[in-house]
Amino acid sequence: MKSTLKCLIVAALLTPFAAQAQMPQDAIYMNKRQICVAGMYGYSSWNQYWEGSLKRENLNIGTHTTQSFMLMPVIGISKRVNVILSLPYVWTSTSAGNLMGQRGIQDASAWLKVKAVQVGGFSVNAVVGGSVPLGNYVPSFLPMSIGLQCRTVTGRLLLNYRERKTGLYITAHGSYGWRGNTRIDQDAYQANDRVYNTNEVQVPNTYDAAVRLGILRKGIQTEFWAERTACLNGDNIRRNDMPFPTNNMQATSVGWYAKVQPHNIGVNARIGYVVDGMNVGQSTSYMLGLLYQINFKK
């Protein structure tokens, strides 16, 4: 039931250019010698979740809440090559029961985004990224854990078309994520209907696909989006048991995003809702960010 910040995070996760910040899931680029620094606060909560395909609630937890603050600098290497970095601080809590939330620095991430093809308003973009755990959090203490404590590598192909006169655009992307093993504080664990006598847990790989429809004009951007994230394999949460890193977590989300940045300073906001899933909470998430762009002289 890892919350979809992505941070699924998932990241899940999220912008234009009189001064324009941009993310690993859009086709917007900073120019050479430009840096945009974003500070973003995220809030996600749920009181129902899917135990496998069974939707239920747990009165021993009540409402589960994940909050985060993320620092994200975006660096313009050239007008077709950008580097995106992120470092989130995350904390969790519940409204009922005795489970103690975790808090701390989660995983440091880095992305390289390249505009490989540009023909008129159509572009093909390649994105590769990865993350490394930094915090000393406990990955098996789900749903209170702030992450899965495993290294990741993700490859993404992103297609974008923007009509230049109106600013209307459509973006679609697909990704594949490789996830390394994680270590837990026990000598054995149960998963996939068997017992493993080791403290090393294989975390399932992931894929995601999304489509975004919006408008991008000078200093203003708004869009509606739909996204599907899922593991390629894994097991289900056992009846009345806690989640575990081997679970096959799946989520289909929809939402809205907007940004206003007429000059170097701007703000952005994002709303998301999980409409369907497996082994995840049916969360509603919000994000609010402050952006500042720095232009270096030649």
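The values are calculated or read from the model by the stated rules, or taken from the named source; none is laboratory data. Note that the structure is a prediction, hence the values are computed from the model and not measured. Positions of Cβ are generated from backbone atoms using ideal geometry, with glycine treated the same way; all protein chains shown enter the neighbour counts. Surface accessibility is based on the protein's heavy atoms, side chains included, excluding ligands, DNA and RNA. Shrake-Rupley method; radii C 1.70, N 1.55, O 1.52, S 1.80 Å.
For the subset of the range 36-57 comprising residues that are polar (S, T, N, Q) and surrounded by fewer than 18 Cβ atoms within 10 Å (Cβ to Cβ), which member is farthest from residue 89 (Cα to Cα)?
First pass over the range 36-57, keeping only residues polar (S, T, N, Q): 44-45, 47-48, 53.
The next check asks that each one be surrounded by fewer than 18 Cβ atoms within 10 Å (Cβ to Cβ); those that pass are 48, 53.
On the way: 48: 25, 53: 31 Å.
In this case the residue turns out to be 53.
Looking at the range 94-139 only, could you name the residues that are of a type in the set (Ser, Thr, Tyr), farther than 17 Å from residue 29 by Cβ and crowded, with 17+ Cβ neighbours inside 10 Å? Spell out how you get there, then give the answer.
We begin by selecting, within the range 94-139, every residue of a type in the set (Ser, Thr, Tyr); these are 94-95, 109, 123, 131, 137.
Adding the requirement that they be farther than 17 Å from residue 29 by Cβ leaves 94-95, 109, 131, 137.
94, 109, 131, 137 - these are the residues of the range 94-139 that are of a type in the set (Ser, Thr, Tyr), farther than 17 Å from residue 29 by Cβ and crowded, with 17+ Cβ neighbours inside 10 Å.
Quick check on my filter: what residues within the range 240-272 are among the hydrophobic types (A, V, I, L, M, F, W, C) and part of a loop (DSSP other than H, G, I, E, B)?
Step one: of the range 240-272, the residues among the hydrophobic types (A, V, I, L, M, F, W, C) are 242, 244, 249, 251, 254, 256, 258, 260, 265, 267, 269, 271.
Across the range 240-272, the qualifying residues are 242, 244, 249.
Where in the range 123-215 are there strands (runs of 3 or more DSSP E), lying wholly inside it, with at least 3 residues that are hydroxyl-bearing (Ser, Thr, Tyr)?
Ranges flagged: 152-162, 168-179.
Can you name every residue in the range 1-56 that is aliphatic (A, V, I, L, M), at pLDDT 95 or above and under 25 Å from residue 205 (Cα atoms)?
Matches in the range 1-56: 54 only.
Could you run through the range 164-202 and say how many residues are open to solvent by 60 Å² or more (accessible area, probe 1.4 Å) and closer than 19 Å to residue 225 by Cβ?
2
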